[in-house]
Amino acid sequence: MDHMEIKSGEKRIFIGGVSEKGVNKKLNQDAFLIGYDKDQDVAYIIVADGLGSCKNSAQGSKRVTEIIENWIKSQLPKYAYLSNNVANIFAKRLMEEWQSSYDIEDINTFDTTVHVAIYYKGSIMIGGIGDGMELINCDDLYAKDRIDHKDLFSNVTNSMCSINAEELLSFEIVSKDSYNNIVTIIIATDGIADDLIPEKKMTLLPYFYDVLTQQGSDAMQSELKEWLKDWETESHSDDKTICYLVVKGKLHE
């Protein structure tokens, strides 16, 4: 399933994603997963971008999204709330699972970046490793692009196979006490992020919110598919993947 629209009490939750392989490419090396669990009050979006220079990166991007989804389903419910400590535990477990998935001599052929956003009992965890885009807005009180200008002077891509990957994994917690009614999050691969005017990126957040809350997720998905269908640039032919998570209403007790 590539999108969901859920009503839970006073909340409305929208999650979805679209992925298109790059122009003239035979294989889409991106992967994404979305999910929602009403009983645990958790919703999540995950985006991974397999490195084009690695022959097995399509498998690697799929694998890292599966590792994260499994942790969210099996381990996150053990914690009462999101915290920096939970983020550190997650990062450590992610690296352990990733490194044990492949033989040490082959793991670099599966290399990928990854980004994730989790809504859990009113709080947010957002982050990952590598280039791309992580936009977040909570009630207009907290709004930013977490990857804006990161590694501006470097052409080295941070990734799951970087020597210091566990240190490079960066996550941020937004407490449920820091906002009230609205969360809007968009994450994307660099095939999209690199083509957007930096000053215009943040305008996507209110636009997605308006389309989703006024027209619904089917309309948002249709529009995104049209955007990506024939997206072509002169500088690259990267795969393009974008996911969104929007929560409106009474977000926490």
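Each Cα pair under 8 Å and six or more residues apart adds its sequence gap; the mean of these over the residue count of the chain is a relative contact order of 29 percent. Separation of the alpha carbons by more than 23 angstrom is noted, of LYS7/LYS144; LYS7/LYS121; LYS92/LYS248; LYS11/LYS225; LYS62/LYS121; LYS7/LYS62, for LYS7/LYS144; LYS92/LYS248; LYS11/LYS225; LYS62/LYS121; LYS7/LYS62.
Note on ASP210 and ASN180: the model spin-label points, each 7 Å out from Cα along the C-beta direction, lie 2.2 nm apart.
Extending 7 Å from Cα along the Cβ direction at THR109 and again at GLU5 yields two label points whose distance is 4.5 nm.
Extension gain, LEU27 to LYS55, is 9.0 nm, computed as 0.36 nm per intervening residue step minus the present C-alpha separation. Length available on full extension from ALA80 to TYR142: 0.36 nm per residue minus the Cα-Cα distance, which gives 20.0 nm. Entry note, the chain: the mean residue ellipticity at 222 nm calculated from DSSP H runs of n ≥ 4, each adding -39500 (n - 2.57), is -8000 deg cm²/dmol after division by the residues and rounding to the nearest 500.
For the peptides 111-123, 55-67, the ranking by packing is 111-123, 55-67, with the highest mean count of neighbouring Cβ atoms within 10 Å listed first.
When the alpha-carbon atoms of the chain are used, the pair Rg, Dmax equals 17.1, 51 angstrom.
Roughly how big is the chain's charge dipole about its Cα centre, with Cβ charges of +1 (Lys, Arg) and -1 (Asp, Glu), in debye to the nearest 20? Provide the component values of the computation, followed by the final result.
On the way: 26 positive and 42 negative charges, 149 e Å.
Value, rounded to 20: 720 debye.
Stokes-Einstein, applied to the Kirkwood radius of the stretch 86-210 over Cα pairs at a viscosity of 1.002 mPa s and 20 °C, places its translational diffusion at 136 µm² s⁻¹.
Report the full-extension gain for the segment GLU167 to LYS121: residue separation times 0.36 nm, less the Cα-Cα distance, to one decimal in nm.
On the way: separation 46, 0.36 × 46 = 16.56 nm, distance 2.69 nm.
The span from GLU167 to LYS121 would gain 13.9 nm if fully extended.
Overall shape of the stretch 1-80 was characterised from the C-alpha gyration tensor. The equivalent ellipsoid obtained from it has semi-axes of 29, 16, 6 Å, in decreasing order. Modelled this way, with points 7 Å down the Cα-to-C-beta line, the labels at GLU199 and GLU223 are 2.3 nm from one another.
Every number in this text was worked out from the coordinates using simple rules, so none of it is lab data. Predicted model only: the values in this text are computed from it and were never measured. Cβ atoms come from the backbone with ideal geometry, glycine included; neighbour counts cover every protein chain shown.
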